[in-house]
1. Which value in deg cm²/dmol, rounded to the nearest 500, describes the helix-derived mean residue ellipticity at 222 nm for the chain, given -39,500 (n - 2.57) per DSSP H run of n ≥ 4 and division by the residue count?
2. On alpha-carbon atoms, Rg over Rh for the chain using Kirkwood Rh?
3. Explain nothing, just compute: Karplus ³J(HN,Hα) = 6.51 cos²θ - 1.76 cosθ + 1.60, θ = phi - 60°, for every residue of region 4-16 in order, whole Hz, x for Gly and Pro.
4. Going by amide H atoms built from the backbone, whose H comes under 5 Å of the H on Ala4, apart from near neighbours?
Amino acid sequence: GNGASCPESLQMYEEVLTQLAVPVTFTKDQAFVPSFFEDWVFYQVTRK
């Protein structure tokens, strides 16, 4: 999930991004999502 309350899954996702065949850079931002009543982390991934 994208929930900030699950840092293990976010770390796993970032590791996958670093191992892609195509080199990428990414930024992330955190925001409260009212419909889920929790903070979510959103990624923007672009090719290098």
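1. -8000 deg cm²/dmol
2. On the way: Rg = 11.9 Å, Rh = 11.5 Å.
Value, to two decimals: 1.03.
3. Per residue, the Karplus-derived 3J(HN,Hα) values read 5, 7, 10, x, 5, 5, 5, 5, 4, 4, 5, 5, 4 Hz.
4. Under 5 Å from the amide H of Ala4 lie the amide H atoms of Asp39, Trp40, Val41, each far enough along the sequence or on another chain.
Quick note: the coordinates plus some simple rules give every number you see, no bench work behind them. Treat the numbers as computed from the prediction; the structure is a model and nothing was measured.
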